[in-house]
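Here's the structure we're looking at; comments come further down.
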Amino acid sequence: MVSEQVDRDAIASLIRSVCAERELECEPTGDYSYAVTLPGTNKLKTICNLIIGRYALRVEAFVMRQPDERREELWAWLLQRNARMYGVAFAIDAVGDVYLTGRIGLHAITEEELDRLLGAVLTYADESFNTMLEIGF
């Protein structure tokens with residue numbers, strides 16, 4: 001059990017370090033969770049929640065509210081897009097709001113992997129945002 005705690009502490013330190021080096025706003029939201037603000041172009045900012053569990057890092061980022069119309073068309077587009085994505089995938093919650101979610105084992109988290117994961121969240125949220133708006137609204 002002690003080694004699990006050390007691993008979680010090391011990941012927490014790595015998250016803070018990576019965010020500081022990249023000048024990303026990073027706020028703790030719990031003992032082992034952080035809200036990282038990713039600046040974008042189409043979607044001005046994406047808040048990416050990083051939750052350090054016992055065995056995996058969970059990634060959650062809100063992308064957009066449920067569409068007013070053409071939901072099925074948007075959901076089909078999201079599923080097709082998921083097939084080409086790295087580290088995270090689009091998901092919807094019980095009311096139809098769109099998120100990016102992912103989970104990666106703590107053993108695989110390095111500075112490079114965390115950078116790649118945050119970059120994937122930013123890219124997918126930002127590059128897809130206008131298309132999702134066009135389809136769903």
- Message: Could you tell me how many of the residues in the stretch 77-102 are under 15 Å from Ala61 (Cα atoms), part of a loop (DSSP other than H, G, I, E, B) and among the β-branched types (Val, Ile, Thr)?
- Response: 1
- Task: Could you please give the count of residues in the stretch 52-73 that are surrounded by 14 or more Cβ atoms within 10 Å (Cβ to Cβ) and under 20 Å from Glu111 (Cα atoms)?
- Result: 8
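Yes/no per residue for (1) touching a Ser or Thr at 6+ places or on another chain (Cβ under 9 Å); (2) without any contact (Cβ under 8 Å) to a residue 60 or more places away in the chain; (3) of a type in the set (A, V, I, L, M, F, W, C):
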residue: Glu21; (1), (2), (3): no, yes, no
residue: Thr41; (1), (2), (3): no, no, no
residue: Thr46; (1), (2), (3): yes, no, no
residue: Ile104; (1), (2), (3): no, yes, yes
residue: Ala108; (1), (2), (3): no, yes, yes
- For the stretch 88-97, enumerate the residues that are surrounded by 15 or more Cβ atoms within 10 Å (Cβ to Cβ), among the small types (Gly, Ala, Ser) and either touching a His at 6+ places or on another chain (Cβ under 6 Å) or over 23 Å from Cys26 (Cα atoms) (or both). Ala91
- Message: Checking Ser3 against (1) modelled with pLDDT under 95; (2) more than 26 Å from Gly96 (Cα to Cα); (3) open to solvent by less than 40 Å² (accessible area, probe 1.4 Å): exactly one of these is not met. Which one?
- Response: (3)
- Query: Is it the case that some residue within the stretch 20-30 is touching a Cys at 6+ places or on another chain (Cβ under 8 Å), closer than 15 Å to Tyr124 by Cβ and crowded, with 17+ Cβ neighbours inside 10 Å?
  - Reply: no
- Task: Can you tell me which residue among Asn49, Asn82 is surrounded by fewer than 17 Cβ atoms within 10 Å (Cβ to Cβ) and either in contact with a helix residue (DSSP H, G or I) (Cβ under 8 Å, 6 or more places away or on another chain) or on the phi < 0 side of the Ramachandran plot (or both)?
- Result: Asn82
- Message: For the condition open to solvent by 10 Å² or more (accessible area, probe 1.4 Å), modelled with pLDDT of 95 or more and out of contact with any His (no Cβ under 7 Å at 6 or more places or on another chain), what is the one hit in Leu100, Leu122, Leu114, Leu133?
- Response: Leu122
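Out of curiosity, is Leu122 under 15 Å from the mean Cα position of the chain (by Cα), assigned to a helix (DSSP H, G or I) and under 12 Å from Leu57 (Cα atoms)?
Details: under 15 Å from the mean Cα position of the chain (by Cα): yes; assigned to a helix (DSSP H, G or I): yes; under 12 Å from Leu57 (Cα atoms): no.
No: the conditions fail for Leu122.
The values are calculated or read from the model by the stated rules, or taken from the named source; none is laboratory data. Nothing here was measured: the structure is a model prediction, and the numbers come from that model. So basically every Cβ, Gly included, is an ideal-geometry build from the backbone, and we count neighbours across all protein chains shown. All accessible areas refer to the heavy atoms of the entire protein, side chains included, with ligands and DNA or RNA removed. Shrake-Rupley method; radii C 1.70, N 1.55, O 1.52, S 1.80 Å.
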